[in-house]
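Nothing in this text is a laboratory measurement; each read-out follows from the coordinates by a stated rule. Worth saying up front: this structure is predicted, and the values here are computed from it rather than measured. Using ideal geometry, Cβ is built from the backbone for each residue, glycine included, and neighbour counts are taken over all protein chains shown.
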Amino acid sequence: MKQIVRPKVGLLALTLELYETLLPELRASREAWLRRAVIPALQNEADILFTRAVSRREDIEATVGEFEAAHVDALLVILASYSPSQLALPALQQTRLPIVIWNTQELRAVDQAFTLANMIDNHGVHGTQDLANVLTRSGVRFHYVTSPDNDPEGLSELGDFFAAAAAVNRLRSARIGSLGYPFPGMGDFAVDTTHLAATLGCSWMILTVEDYIKRAAAAPAAEVARLVADYRQDYEVAPDLTETDLALTARAELALRGMIAEHRLDALTYQFMAFGDDERTPTLPFVAASRLMAEGIGFGGEGDLIAAAATAFFNWLQPPASFTEIFTIDFAGESLFLSHMGEANTALARRDRKIPLVARPAPITRTQGRQLALVTSFEPGPATIAALTLGPRGKWRVIAAAATLEDYGPLPGFCVPHSKLKPASGDVRQFLSAYATAGGPHHNAVLFGDARPRLRFAADLLGADYCEI
């Protein structure tokens, strides 16, 4: 399963048909510039599809149609020369592709050496203004970036937009599995699944504990042994864990992997108490959920479909991302203690030690065997805490805040994942009050680095509110 999917972007380069007569060499010259400088500069951010510059309405429409057929994630518009806006307007009105106009050129400086040839080769800016004006008047949404063709800041902004467009595109077809039933009474992740499908595009399906049990029992012995060997190699296995403990945990993981593969799932949620409803349940899949998140499978606890979709979405947007929950306030340290029953993305684990693999001292629901968990503590450094939730009148809302993961954990004797996160504001009181006032749910996610630019673009593309704490 791939965690990182590169955005695919269609480059729509516009020119003026009149120049085919007046300056017949201009189009070829500008296409050469795009291939020589622009496309290579963009290759770090996305895979770029480009064939030729176009000037006539029918060619513009055909090119956009080709990009749609190729399932690109975004449409990048560059004015290789001036081009009248009304020629491109119909195609840009009709397409559902996210549009970004890059106001760029080859020339860096207009000085005393500036020539007429320089001017002819670098006069797309007023074409972008013409186009932006008619798109605005026509209610067509677009983003606009101004920078030289190799400017790191401009390329980074474009990269953030492309990543957001790709993540939103993938979310539109995401498949979520729900194993069991939602935790009774938890209202912040309650959702009308028709609304979920109609707005985010996600589909979902019910998975059964009985299927989980049967798959675990039928797991091939060789595959179980291979996974047990992986556990012993990759993690700090507690000395009291037996071969039976590890084998049951491996069977649980193979059961989940089989369900995900068969149903082509992008995300998963389960409610741990549901497993205890069937006395045949071997153990809980805490280890499996943690490892699957590291491979890009979204996860939400307690039957939370929204959190499952959000974790997958954030992981596509800026991997890796982990499901988490604020459990305790560190008022003295102005920090938040993060934890959950047993699930945390192992791709975020600190790199200076192995993750402890332990058994819970007491079961949290009925199972035949002991319940194992990876005691993951996150790598210290810059981070973002984010959440996807429903706001007033059913409108989606993305909540985000810059933060720092502290050098903390794993603590001795802990049987659950845990980390500490310090909000960038430095005031944990202000952060928590603002988060709650914004409607922040009790399930959220942590991403490495500053994901706010991508989250802001993603919210806009989803038609969601963006709330930065």
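For the chain, take the longest principal axis of its alpha carbons; what is the angle in degrees between that and the long axis of helix 152-171, to the nearest 10 within 0 to 90? Approximately 60 degrees, to the nearest 10. Label reach from Arg351 (point 7 Å along Cα→C-beta): in region 220-239, no amide nitrogen lies under 11 Å.
With both labels modelled 7 Å from their Cα along Cα-to-Cβ, the Ala436 to Asp234 distance reads 3.8 nm. In the chain, inverting the average of 1/r over every pair of distinct C-alpha atoms gives 24.2 Å as the Kirkwood radius.
Secondary-structure-derived ellipticity at 222 nm for the chain, considering helices only, amounts to -11000 deg cm²/dmol, per-run term -39500 (n - 2.57) for DSSP H runs with n ≥ 4. Spatial offset of region 282-298 relative to region 13-75 amounts to 44 Å, using the alpha carbon center of each.
Fully extending the segment from Ala32 to Gln93 would add 19.1 nm, taking 0.36 nm per residue of separation and subtracting the current Cα-Cα distance.
A cut-off of 5 Å between modelled amide H atoms, ignoring neighbours fewer than 5 places along the same chain, links Ile355 with Glu236. Across region 8-171, C-alpha contacts under 8 Å between residues 6 or more apart give a mean separation that, scaled by the residue count, equals a relative contact order of 29 percent. For region 58-152, the alpha carbon convex hull comes to 110 Å³ per residue, rounded to a whole number.
Of all beta bridges that DSSP places with both ends in the chain, some 45 percent have antiparallel geometry. Taking the square roots of 5 times each eigenvalue of the Cα gyration tensor of region 8-171, largest first, gives ellipsoid semi-axes of 24, 19, 15 Å. With the simple spin-label model, which puts each label point 7 Å out from Cα in the Cβ direction, the Leu18 to Thr115 separation comes to 2.4 nm. Between Phe327, Asn118, Thr193, the Cα set farthest toward the positive side of the dipole of the chain (charges on each charged residue's Cβ, about the Cα centre) is that of Thr193. Region 136-171 and region 398-416 have Cα centres separated by 32 Å. If R0 equals 41 Å, the separation of the Cβ atoms of Thr328 and Tyr144 corresponds to a calculated FRET efficiency of about 0.40.
Before anything else, pin down the relative contact order of the chain: Cα pairs under 8 Å, at least 6 apart, normalised by residue count, whole percent. The normalised contact order for the chain reaches 13 percent. Label sites at Tyr181 and Ile206, each approximated as a point 7 angstrom past Cα along Cα to Cβ, lie 1.0 nm apart. Residue-wise HN-Hα couplings along region 247-261, as the Karplus relation 6.51 cos²θ - 1.76 cosθ + 1.60 with θ = phi - 60° gives them from phi, are 5, 5, 5, 5, 4, 4, 5, 5, 5, 5, 4, x, 5, 5, 5 Hz; Gly and Pro carry x.
Taking 0.36 nm per residue of separation and subtracting the Cα-Cα distance, full extension of the segment from Leu411 to Thr199 would add 72.2 nm. Computed from the C-beta positions of Asp188 and Arg264 and an R0 of 41 Å, the FRET efficiency is 0.90 to the nearest 0.05.
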